[in-house]
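The values are calculated or read from the model by the stated rules, or taken from the named source; none is laboratory data. On a predicted model such as this, the values are computed, not experimentally measured, just so you know. Please note: Cβ atoms are built from the backbone with ideal geometry, for glycine as well, and neighbour counts cover all protein chains shown.
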Amino acid sequence: MNSAKASLVVSRLTVLGDRVFNWGHSHRASIRNFGLVVAISIFAGGLLLAIQSMPGLIERLNATPFVFLVLVAVPATAALNALELQIMAAMAKKNMAWANAFEIGVFSSAANMLFLPAGLLSRAAALRAHGVGLQLGGSLILVFMALWFGAAFGYSGLFLLALGHIKIGAGFVAVGSLCAGVSIVFLVRLRPGWRLVVSALAVKLAGLVLEAFRLSLAAKALGIGLGFNQASTFSIASIIGTLTSLVPAGLGITEAITALLSPLANIDSVAGFVIAGTNRIAVVLGLLLLAVFLVGTKRLRSLSD
């Protein structure tokens, strides 16, 4: 009798799950629009509240670190993304020229500002255009994201341990080590050679270091004291925000998570939110300038030909 009831419950839950999935699929545009409205509301509202609760913030603004962030740190991040694409292609036994990889990296990052699948699909399409099969290309993209997830948790956990947060820091390191280890095992099974596997991990770690540096620059532009060690504890915020596919590049989500983590870094939550928001604005501006530069360069070449 209990077995029959259990089967009935499972059957009803399956039917309910199918209905929910079908409804979500048929209303996906509305759901995405709703997610975008919520994300913009969180982002704009959070920045407004942060500015109101931090007297003298406008007067403390420093343009020099912000300009350096836009013109140097963001292009450096784009260069790392290009190197990552080249490593992916090499793991599939294909070659991708640096210029192509850099252009794809810039525009896929810009596409990621729309919704997560846009950035992933643009990368998959680029790998496909260079002869990488759709299944292998998609698997590499997902494994590299898992590697980023693991590296971010491990990296953040180490700095949390250094700041004295033993339990949460150890938990982050454990989660990060497990996720990164599984990702590395998968990559090794592709037999690309240890050099490429180590290079993939090194690029991810370099990206985390660069992201902490960007946050430190954003804080300096706002006149807020934030050391590199403190900024490094926020590394999980961007990956969790990016994995939130209903909103563009984790808009509002990344900032909210940074605010939640801020007390662990010994800074105010409001300061953490506005620092992350400033970094996002700089990334958008930097990508826009890079996109304009790439399009303009291509137009000039076409005219000269």
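For Val203, indicate whether it is in contact (Cβ under 8 Å) with a residue 24 or more places away in the chain, in contact with an Asp or Glu (Cβ under 6 Å, 6 or more places away or on another chain) and in a helix (DSSP H, G or I).
yes
Which numbered condition trips up Gln86, out of (1) modelled with pLDDT under 60; (2) touching a helix residue (DSSP H, G or I) at 6+ places or on another chain (Cβ under 6 Å)?
Among (1) modelled with pLDDT under 60; (2) touching a helix residue (DSSP H, G or I) at 6+ places or on another chain (Cβ under 6 Å), the lone unmet condition for Gln86 is (1).
Take the residues in the range 262-305 that are more than 22 Å from Phe68 (Cα to Cα) and in contact (Cβ under 8 Å) with a residue 60 or more places away in the chain, then tell me which one is surrounded by the fewest Cβ atoms within 10 Å (Cβ to Cβ).
Only one residue tops the list, namely Asn266.
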